[in-house]
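The values are calculated or read from the model by the stated rules, or taken from the named source; none is laboratory data. Everything numeric here is computed off the predicted structure, so don't read it as measured data. Here Cβ is always computed from backbone atoms with ideal geometry, including for glycine, and neighbour counts include all displayed protein chains. Accessible surface is based on the protein model in full, side chains and every heavy atom, while ligands, DNA and RNA are left aside. Shrake-Rupley method; radii C 1.70, N 1.55, O 1.52, S 1.80 Å.
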Amino acid sequence: LYPHNPTKVQKKEIRNITMAPTTTNYLDDDRFDGLYLNIANQTQGIEPLLDTVFSFLRRKSDFFAGPPGSSNGKDDAGTEAAIAKVNEVLKKHADIYLRDKRRKEEVELEKKKKKEKQLRRNEEEAPKKKAVQEEDVIELGEDGGFDISNNRSSTENDKNAKSSDGTTVTRQSAGESSSVKSTADEAGGEQDNAEEVEDDSPPPLGNGGTVPGKYTWTQTLAELSVTIPLPPNTRAKDLKVVMSKKHLKVSLKNNDHHENAPQIDAPLTKPIILDDSFWTIEDSSRLVLTLQKSNQMEWWDAVCEGDPTINLQKIVPENSNLSDLDGETRQTVEKMMYDQRQKALGLPTAEEQKKFDILEKFKAAHPEMDFSNAKIS
């Protein structure tokens, strides 16, 4: 392409751009998008936009005339070559568009098939999962919080509890009979319809326990606190504490700075968040480990594998205050509590009151209508 009356510098630049072979892929080049968007906003239409491109080629180059020597004795040979080149580029981009369109349609079709398959699977499994659900009741405590300790599911933690005389108790779901099998009477067969053995032991202190000769521990849903007794005047440099996601090791160093037999060296029963766990020495006589739970919605029955376990059924959950909840959760809980009070007093719930108010407004707007025999649900 040659500009009309160009300077030598201008001709060289345009010649390099248009005639030299290019290794750049301009098919998806977005460097000029801002320029073309500006032109499109000013031209306000696809035809005017294309007119600006071909107007530039017509006025500022010999694109339609073709390069020198391309006429081959025909006056319009260069113009035909220009039209052929435009059609070639246009078809190339049309093919790219159609290819991308087919690819998107295939992806959408595959997503639709997976969704339909999942819906069919859910419909098949729905009858199996259907069960009678009892309405949860939340009671307010004296401190203004709500206690959910009585709302825990009896089917999760009430299985395989052992009594003091060696009897294995299996607690089944509601509607099923409970069976008790005694290890002392295995030869005599199973005893049906026996009474379950209840555990009368007190709740574990701090929802934790004691490992004799090693440590005591407590827990909340979020973290564990492990307290290990130390010799008087113990300093941090006298200890070696190694914590990992699934393992804990604690040992004292002797006077030669060599490790004694570790007080704790065992896998943890569940993983912890290592970056949020730490240890401190209190009163130069106690090592306190604070372990942040990875799953902050479950209780631990022991700190390390192989240590004595506690009865999770005896755990006393912490009371939560309404002020501790986020706005949406607090609003939901307050609505549930209000509906409970209304039901206890024989009054309509918030939803029922809303429907009643809407009906009253409708009655007031249509006094000509008779609602005496209407059944409102």
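Solvent-accessible area per residue for the range 202-349 at a 1.4 Å probe radius, Å²?
Roughly 58 Å² per residue, with all protein chains present.
Distance from a point 7 Å along Cα→Cβ of residue 261 to each backbone N in the range 213-231: keep the residues under 19 Å and list them by number.
213-216, 228-231
For the cross-link pairs 214/253; 214/249; 245/293; 129/270; 214/293, which exceed 18 Å when the distance is taken from alpha carbon to alpha carbon?
Result: 129/270; 214/293 exceed 18 Å.
Can you give the extra length, in nm with one decimal, that the chain gains between residue 97 and residue 240 once fully stretched, where that is 0.36 nm per residue apart less the Cα-Cα distance?
Full extension from residue 97 to residue 240 adds 45.0 nm.
Which of the peptides 356-364, 226-234, 264-272, 279-287 is most tightly packed, and how do the rest follow, judged by the mean count of other Cβ atoms within 10 Å per residue?
Final packing ranking: 264-272, 226-234, 279-287, 356-364.
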